[in-house]
Amino acid sequence: MHTLRKNRPLRRIVLAGAATISGMVLLLSLKPHTTPAVAGGATVPAPSSSSSGTSGSSGSATGTGTRTGTPVQTRYGPVQVRVTLKNGRLTDVTAITYPQENPRDQQINAYAIPQLTREALTAQSADIDTVSGATYTSEGYRQSLQSALDSASR
């Protein structure tokens, strides 16, 4: 006769309970599923006077002033940047909206946003590298930056 069926029904109950609890913890720790349009990086219209184009061109913008890029919806939340230009040169890039709902988002973006800003100022364009571990934020940042630069060049 099998060992579990002899005198140890309590062992089966404990193992079944532990497996059920483990399964529930794993299930509850998953992030909610987003719609494909949101996960694909679709943009939402901005209330400001910015362009909705997010082309991948890397040309430098001309002009002077401040422009706000289109907010880009990413898997973990919207990303939006504001650029300051002086005589056609990018002098400042500020991320005004980015994912920061939980401690993990805050940790990732505390590292990624300054790095993306440095790269944008160095490149003087939206042709910047993705930050490892912050792929969605990097893509949203790049698209919003490009829309701000596009609106400045008009």
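The values are calculated or read from the model by the stated rules, or taken from the named source; none is laboratory data. As the structure is a computational prediction, the values presented were derived from the model and not from experiment. Ideal geometry is used to build each Cβ from the backbone, glycine not excepted, and the neighbour counts take in all protein chains shown.
Each residue in the stretch 1-41 was checked for being touching a helix residue (DSSP H, G or I) at 6+ places or on another chain (Cβ under 8 Å) and either over 30 Å from Pro78 (Cβ atoms) or modelled with pLDDT of 85 or more (or both), and 3 pass. For Arg82, the stated conditions do not hold, so it cannot be described as surrounded by fewer than 18 Cβ atoms within 10 Å (Cβ to Cβ), in contact (Cβ under 8 Å) with a residue 40 or more places away in the chain and touching a Gly at 6+ places or on another chain (Cβ under 9 Å).
In the condition set (1) in contact with a Leu (Cβ under 7 Å, 6 or more places away or on another chain); (2) closer than 30 Å to Leu30 by Cβ; (3) surrounded by 22 or more Cβ atoms within 10 Å (Cβ to Cβ), Gly69 is compliant with all but (2).
Being among the acidic types (Asp, Glu) and assigned to a helix (DSSP H, G or I) is the filter here; which residues of the stretch 97-154 pass it? Result: Asp105, Glu119, Glu139, Asp150. Scan the stretch 98-118 and give yes if some residue there is at pLDDT 90 or above, within 16 Å of Ala152 (Cβ to Cβ) and surrounded by fewer than 22 Cβ atoms within 10 Å (Cβ to Cβ), otherwise no. So far as the stretch 98-118 goes, no, none of its residues is at pLDDT 90 or above, within 16 Å of Ala152 (Cβ to Cβ) and surrounded by fewer than 22 Cβ atoms within 10 Å (Cβ to Cβ).
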